[in-house]
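Undergrad: After the structure tokens below, expect a handful of questions from me.
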């Protein structure tokens, strides 16, 4: 699905905000992809392009636009498109995801592999104080031309098409079609070492006392799934 | 009291029932206490074995069902993650 956004960039020299908006509207995120908060594009900006980039965005009508967090860095990966552009997603507008370690690890992996990369658990910029839940992101790199080596992948990088996900919402939406999933106590952890700190999803949160308690359940099974260069453990 | 006393012949009680006949047969069979104990332990052991076997079977079936559900959930999540990319 995210590859469609990469294709849009491949088919056009420049994708405008309006084109991105219409493209994402056609995907019907809220109905067909629940749990996915938005469909975004973060552009790579070298330090010497920063002033021009900020000026261009301000000329589009975003007079307060800044790259966040502020400060001078060799390059930036600012979120410039994120649809639907609602108040929640507007909080992420201009955010340089490379400044946050977990996001950066997935972005570097996507850039260097040329493939989708799923991040570790993060608190999304879109989260608010109520109903806080773990999030994760999936990144796909956009290159200005097809790279053939690691050095070319780094050199030709234009930005990232990405999706921010709320873990509980997303997994719940998948399992709601499967009544059997309610019969068992399911926890999903990021990585292969389950702990309360890496918990992404719990279908019976009131039952999670300790990881040891989960492990001592009469019938228990642990499955590791891999997707987009990342592992989750189902317990 | 040993041996067990027979049920008195009284048409209004259990005399003509199958249960009474069985009980009287049992009473005759276990005139000797050692025989009674052997039979008792045999029945107890067989019951325990049967129960354990039944529990084991139930656990095996539950474990298999649990494994199937777990695998289906894993497959569903993995497929969705792939669709998102």
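Read-outs: derived from the displayed coordinates by stated rules, not from any lab. Every value quoted in this text rests on a predicted model; they were computed, and no experiment measured them. Cβ: placed from backbone, ideal geometry, glycine included. Neighbour counts: every protein chain shown.
Undergrad: In nm, to one decimal, how far is the residue A:152 label point from the residue A:51 one, both placed 7 Å along Cα→Cβ?
TA: 3.5 nm
Undergrad: Roughly how far apart, in whole Å, are the Cα centres of the range A:99-118 and the range A:144-182?
TA: 10 Å
Undergrad: Label points 7 Å out from Cα along the Cβ direction at residue B:29 and residue A:131: separation in nm?
TA: If labels sit at residue B:29 and residue A:131, their model points lie 6.8 nm apart.
Undergrad: Run the numbers for residue A:193 and residue A:21: contour at 0.36 nm per residue of separation, minus the present Cα-Cα distance, in nm.
TA: Working: separation 172, 0.36 × 172 = 61.92 nm, distance 3.92 nm.
Computed gain between residue A:193 and residue A:21 is 58.0 nm.
Undergrad: Given labels modelled 7 Å from the Cα in the Cβ direction, how far is it in nm from residue A:32 to residue B:20?
TA: 8.1 nm
Undergrad: May I ask for the angle, rounded to the nearest 10°, between helix A:2-11 and the longest principal axis of chain A, with both axes built from Cα atoms and the value confined to 0 to 90°?
TA: Relative to chain A, helix A:2-11 is tipped by roughly 20 degrees.
Undergrad: Right, something else. Considering chain A as a Gaussian network with a 10 Å cut-off on Cα pairs, which listed residue, A:157, A:140, A:118, attains the greatest mean-square fluctuation?
TA: Result: A:157 has the largest fluctuation of those listed.
Undergrad: In a GNM of chain A with a 10 Å cut-off on Cα contacts, which of A:179, A:141, A:34 has the highest mean-square fluctuation?
TA: Maximum fluctuation in the GNM of chain A, among the listed residues, is at A:179.
Undergrad: Okay, moving on. Mind jotting down the distance between the C-alpha centroids of the range A:48-86 and the range B:28-72, whole Å?
TA: Using only Cα atoms to place each centre, the spacing works out to 72 Å.
Undergrad: In degrees, nearest 10, range 0 to 90: what is the angle between the Cα axis of helix A:17-27 and the longest Cα principal axis of chain A?
TA: Helix A:17-27 sits at roughly 30 degrees to that axis.
Undergrad: Go ahead and estimate [θ] at 222 nm for chain A from helices alone: -39,500 (n - 2.57) per DSSP H run with n ≥ 4, summed, over the residue count, rounded to 500.
TA: On the way: 9 runs with 72 residues, N = 235.
It comes out at -8000 deg cm²/dmol, rounded to the nearest 500.
Undergrad: Follow-up question, since we're still on this one. Nearest 0.05, what FRET efficiency do residue A:58 and residue A:145 give at R0 = 35 Å with Cβ-Cβ as r? Present the calculation step by step, with values, prior to reporting the outcome.
TA: Values: r = 29 Å, r/R0 = 0.84.
According to the calculation, E is roughly 0.75.
Undergrad: Test of understanding: in a Gaussian network model of chain A with alpha carbons linked when under 10 Å, which of A:219, A:165, A:85 would top the mean-square fluctuation ranking?
TA: Per the Cα network of chain A with a 10 Å cutoff, A:219 tops the list.
Undergrad: By how many degrees, 0 to 90 and rounded to 10, does the Cα axis of helix A:50-59 deviate from the longest principal axis of chain A?
TA: Long axis of A:50-59 versus the principal axis of chain A: about 90 degrees.
Undergrad: Next up: Can you pull the Kirkwood radius for chain A, inverse mean 1/r over Cα pairs, to one decimal in Å?
TA: Numbers: mean 1/r = 0.0525 Å⁻¹.
Result for chain A, one decimal place: 19.0 Å.
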